[in-house]
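So the structure is just underneath, and the comments pick up after that.
The values are calculated or read from the model by the stated rules, or taken from the named source; none is laboratory data. Bear in mind the structure is a predicted one, so any value in this text is a computation, not a measurement. No Cβ is skipped: glycine too gets one built from the backbone with ideal geometry, and neighbour counts run over all protein chains shown.
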Amino acid sequence: MTNEIKIDSIKRLNEYYEFEHLNPMITVGHYKGVLEPGVTTYEFGVYAIYIKETKGCKLNYGLTKYDFDEMSVTSFAPGQKVTSIMEEGMIQPRWSVLAFHPDFLARTPLGRKMSSYGFFSYSSNEALHLSKEEVELLGTVLSLIEREMKHSIDRHTRSIIISHIEVFLDYCLRFYERQFYTREIINNSVIEKFSAMLDSYIADDIQEHGLPTVAYFADKLNLSPGYFGELVKTSTGNTAKDMIAERLAGAARELLNDLTLSVTQIGDRLGFEYPQHFVRFFKRRTGRTPKEYREISAN
């Protein structure tokens, strides 16, 4: 049986984990309790960043299983659900959490840039794995937030806390980018599989399933679209969307060399619902319409 827990406020989070409730909009907590075996689904109504301190656990990272001795970070945004599985004999988790309500950032520069922190859309199996020094650095920022929360509230309190949150998130962003580079071998394997799957899709599946999407390939590779997109961009310098479009344009060029096929037939074969959509796509990618491309190729 799955327990379902709704974390829709900071108060609810503090009550559930038995943390001290100092502020209705933000909390920093340190969990060292005991979890009973079972499956629990959490639905978040707040931003929550967990720093897991337990070592020696097994994690699924993308398509590969690893034994990590580093600590890890997972991040969740309002509206997301995550399922936690606690089995008999597993090491009891110890972690810290920074959580804040989205209203806390209302009408602030940080509130307007939250979408730039793409790691909130990553799956829990795409956690950020940290070195000891990185954990200590994030811990220092958490301590600054805790200290300010316990300080007497004045007109500077909110702006100072928000500035510390931004520093914390910026460090997470930096560490994630470092992780994409340090996992080059794993990432290259994903890129190779993506490339092969894309070729196969265009050759065999595109008429039945329609134009390929980033979300489709991310799902096939067991990755979230956000994580997959960032992995591709970091590894190749191009976005996954651009790679798909370029491969489609290449397939279109090959088909246009077959003069027995009309432009409409080629667009249909490549999954475009309307001929004009194919014409616009091809011109945007090549600078020429399909007809102009054929005329130049024929000379």
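Within the bounds of the range 147-154, is there any residue that is touching a residue at least 40 places away in the same chain (Cβ under 8 Å), in the same structural domain as His21 (by TED's automatic domain parsing) and over 30 Å from Asp219 (Cβ atoms)? So that I can check it myself, show each step before the final result.
In the first step, residues of the range 147-154 are kept if they are touching a residue at least 40 places away in the same chain (Cβ under 8 Å); the result is 149-150.
Next cut, in the same structural domain as His21 (by TED's automatic domain parsing) only: 149-150.
Pick out the ones that are also over 30 Å from Asp219 (Cβ atoms) and you get 149-150.
Yes, the range 147-154 contains a residue that is touching a residue at least 40 places away in the same chain (Cβ under 8 Å), in the same structural domain as His21 (by TED's automatic domain parsing) and over 30 Å from Asp219 (Cβ atoms).
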**Residue within the range 235-248 that is surrounded by 16 or more Cβ atoms within 10 Å (Cβ to Cβ), in a helix (DSSP H, G or I) and among the charged types (D, E, K, R) present** = yes
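Does Arg178 meet the test of being without any contact (Cβ under 8 Å) to a residue 24 or more places away in the chain and assigned to a helix (DSSP H, G or I)? Can you show your working first?
Values: without any contact (Cβ under 8 Å) to a residue 24 or more places away in the chain: yes; assigned to a helix (DSSP H, G or I): yes.
Yes.
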**Request:** Write out, first by first residue and then by second, each pair whose Cβ atoms fall under 7 Å of each other, whose residues are 6+ apart or on separate chains, and whose first residue, in the range 232-243, is without any contact (Cβ under 8 Å) to a residue 40 or more places away in the chain and of a type in the set (Gly, Ala, Ser) while the second is surrounded by 16 or more Cβ atoms within 10 Å (Cβ to Cβ) and outside any loop (DSSP other than H, G, I, E, B).
**Result:** none
**Residue within the range 211-228 that is over 19 Å from the mean Cα position of the chain (by Cα) and surrounded by fewer than 19 Cβ atoms within 10 Å (Cβ to Cβ) present** = yes
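Touching a Phe, Trp or Tyr at 6+ places or on another chain (Cβ under 7 Å) and outside the structural domain of Phe119 (by TED's automatic domain parsing): which single residue out of Tyr216, Tyr201, Tyr227 fits that description? Break it down into steps so the answer makes sense when it comes.
Numbers: Tyr216 fails: touching a Phe, Trp or Tyr at 6+ places or on another chain (Cβ under 7 Å); Tyr201 fails: touching a Phe, Trp or Tyr at 6+ places or on another chain (Cβ under 7 Å).
That would be Tyr227, the only listed residue that is touching a Phe, Trp or Tyr at 6+ places or on another chain (Cβ under 7 Å) and outside the structural domain of Phe119 (by TED's automatic domain parsing).
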**Message:** Taking the condition of being more than 22 Å from the chain's Cα centre (by Cα), modelled with pLDDT of 95 or more and assigned to a strand (DSSP E or B), how many residues in the range 83-121 meet it?
**Reply:** 0
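Kindly indicate which of Ile160, Ile206, Ile202, Ile191 is touching an Asp or Glu at 6+ places or on another chain (Cβ under 6 Å), part of a helix (DSSP H, G or I) and of a type in the set (Val, Ile, Thr). Quick ask: steps written out before the conclusion?
Working: Ile206 fails: touching an Asp or Glu at 6+ places or on another chain (Cβ under 6 Å); Ile202 fails: touching an Asp or Glu at 6+ places or on another chain (Cβ under 6 Å); Ile191 fails: touching an Asp or Glu at 6+ places or on another chain (Cβ under 6 Å).
Just a single option satisfies the conditions, and that option is Ile160.
Please go through the range 242-253 and pick out each residue that is over 12 Å from Phe281 (Cβ atoms) and of a type outside the set (A, V, I, L, M, F, W, C).
Taking the range 242-253 first, the residues over 12 Å from Phe281 (Cβ atoms) are 242-243, 247, 250, 253.
Within the range 242-253, Asp242, Arg247, Gly250, Arg253 qualify.
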**Message:** Considering only residues that are within 25 Å of Phe19 (Cα to Cα), surrounded by fewer than 15 Cβ atoms within 10 Å (Cβ to Cβ) and in contact (Cβ under 8 Å) with a residue 60 or more places away in the chain, which ones fall in the range 96-131?
**Reply:** Asp103
